[in-house]
Structures are given as C-alpha cells and as structure tokens.
Amino acid sequence: MKKPIVCCDFDGTITKNDNIIRIMQQFAPNEWTKLKDAVLSKEMTIQEGVGRMFRLLRSDQKEAIQSFIFNDTDIREGFESFITYLKKADIPFYVLSGGMDFFVYPILEGLVEKEHIYCNQASFQEKHIHIQWPYACDAHCRNGCGCCKPSIIRKLTDEHDLIIMIGDSVTDIEAAKRADLTFARDYLLNECRELNLNHQAYETFIDLKSQFVQIKEVKEWETLRANAGRS
C-alpha cells in the first residue's frame with residue numbers, strides 16, 4: 001500500500017494572489033503582459049517568460065517589491081490548520097514554487113520548514129533582476145519549467161508513494177500529469193478536465209482538510225484516487 005506525499009504550489013494556491021502577476025502589475029512596464037500571454041498560450045516556456053519578465057525590473061526596486069508583496073499577500077483560508085493536520089497525520093508536505101526566494105521564504109517562515117521549500121532564486125547583482133534556476137528540468141523533462149515540479153517530484157518520491165499535487169495554474173500542469181491525484185482550482189482545474197487527469201476540485205484549505213480528514217488509512221487513499229474526477 002502506498003503512503004501519501006503532498007506537493008503544493010505557492011502563488012495563487014497557498015497565497016490568494018499570484019505574487020509574480022501582482023509584482024508585474026505594480027512595477028513592470030506594459031510589455032510584461034505580452035510575455036505573460038505567451039506563457040499562458042504555451043508559445044513561450046515558463047522559464048523564458050518569467051525570466052524576461054523579471055529582467056524588466058530594476059534591482060534597486062527589491063525593497064519596494066518586498067514591502068509591497070508582504071503587505072499585499074493573504075494566505076488562503078485554512079492553510080495553517082491544514083499543515084498542522086498533515087504533521088499530526090505524518091504526511092510529508094513540500095512546497096514547489098515558481099516564485100522567488102526573496103518573497104517565498106519570508107511569507108512561509110514559521111509555517112513550512114525551509115528545507116521543504118523548492119523555489120527559484122533572484123539575483124540583484126546586476127542593474128536588472130536576474131533569475132537563477134536551481135531546480136531546472138531534469139533529463140526527463142524538456143518543457144522549460146523554470147522550477148521543474150515534476151523533476152523535483154521524481155527526486156522526492158518513489159514507487160511506494162502516492163503523489164498528491166495541489167495547485168491552480170499553468171506552472172502546475174506537468175506536476176499534475178505526474179501525480180496520482182491532483183487537487184485543482186482555477187486554470188489548473190480546467191486543464192485537468194481537458195487532459196482527463198485524476199483530480200478533485202477545491203477552493204480553500206478548509207475544503208482540502210475536510211477531504212483529508214475523511215481518509216483514515218492509506219488503503220482509503222487508493223479508493224479516493226480511483227474515484228477522483230476525470231471529466
């Protein structure tokens with residue numbers, strides 16, 4: 001029997017807003033929207049698009065961006081209670097984020113151990129912000145993910161794990177393909193339906209916790225996986 005392991009997106013999932021989008025809306029010149037649209041339409045890889053978006057921002061804007069994000073960010077309802085439940089149930093939880101270290105780590109401080117957070121790194125050594133990709137695609141992925149969630153999942157899991165993904169956006173699609181079961185909302189929910197992936201809809205972590213609490217043993221996870229929506 002398999003034991004569940006939970007991998008969770010950050011922007012738009014743990015947080016209510018997509019922080020990269022909010023940063024660009026507030027600080028970037030208008031050309032960022034073309035890059036965003038190219039990523040969403042899959043004409044451009046996430047790594048290329050996000051890297052070019054941040055290249056539009058000056059490094060001396062770092063403090064202003066951090067201050068804006070910390071004041072603008074709300075954690076989705078029920079997250080802290082959900083994390084507490086998973087710890088008590090001895091279910092591993094990892095954050096796989098396409099966001100940047102300079103805002104992901106501070107926002108999650110005290111909630112998720114740093115060693116359980118995988119995200120991109122921003123460098124402020126040049127005139128404009130430069131993104132580094134410590135978790136780029138491995139040999140099994142050629143999608144230019146940036147922070148390659150399926151590659152990280154391959155490192156974290158083996159055949160004895162039941163992989164559960166939680167997400168909302170284009171950056172979570174490849175991870176959802178790798179997962180045994182995906183809890184999805186917004187853009188990712190539509191993609192799971194179109195791709196016929198094993199999924200359940202959710203809106204808040206209160207929803208998620210109520211579904212997790214109903215599952216008492218690993219055997220029941222297999223039942224949930226089998227009964228998950230594919231339409």
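The figures follow:
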| item | result |
| --- | --- |
| Size descriptor, Kirkwood hydrodynamic radius, that averages inverse alpha-carbon separations across the range 128-200, Å | 12.8 |
| Only Lys, Arg (+1) and Asp, Glu (-1) charged, at Cβ; the chain dipole about Cα centre in debye | 300 |
| Area of TRP32 that stays accessible when all protein chains are in place (1.4 Å probe, Å², to 10) | 20 |
| Kirkwood-Stokes translational diffusion coefficient of the chain, alpha-carbon pairs, 10 °C, 1.306 mPa s, µm²/s | 88 |
| Å² per residue, accessible surface of the chain at 1.4 Å | 48 |
| Stokes-Einstein D in µm²/s, Kirkwood radius over Cα pairs - the range 53-112 at 20 °C with 1.002 mPa s viscosity | 158 |
| Angle in degrees between helix 79-88 and the longest Cα principal axis of the chain, rounded to the nearest 10 | 50 |
| Between the range 11-26 and the range 116-186, the Cα center-to-center distance that results, in Å | 17 |
| Under-23-angstrom lysine pairs by C-alpha in the range 51-142, whenever the two are 8 or more apart or on separate chains | 4 |
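The values are calculated or read from the model by the stated rules, or taken from the named source; none is laboratory data. Worth saying up front: this structure is predicted, and the values here are computed from it rather than measured. Every residue, glycine as well, gets a Cβ built from its backbone with ideal geometry; the counts of neighbours run over all protein chains shown. Accessible surface areas use protein heavy atoms only, side chains included; no ligands, DNA or RNA. Shrake-Rupley method; radii C 1.70, N 1.55, O 1.52, S 1.80 Å.
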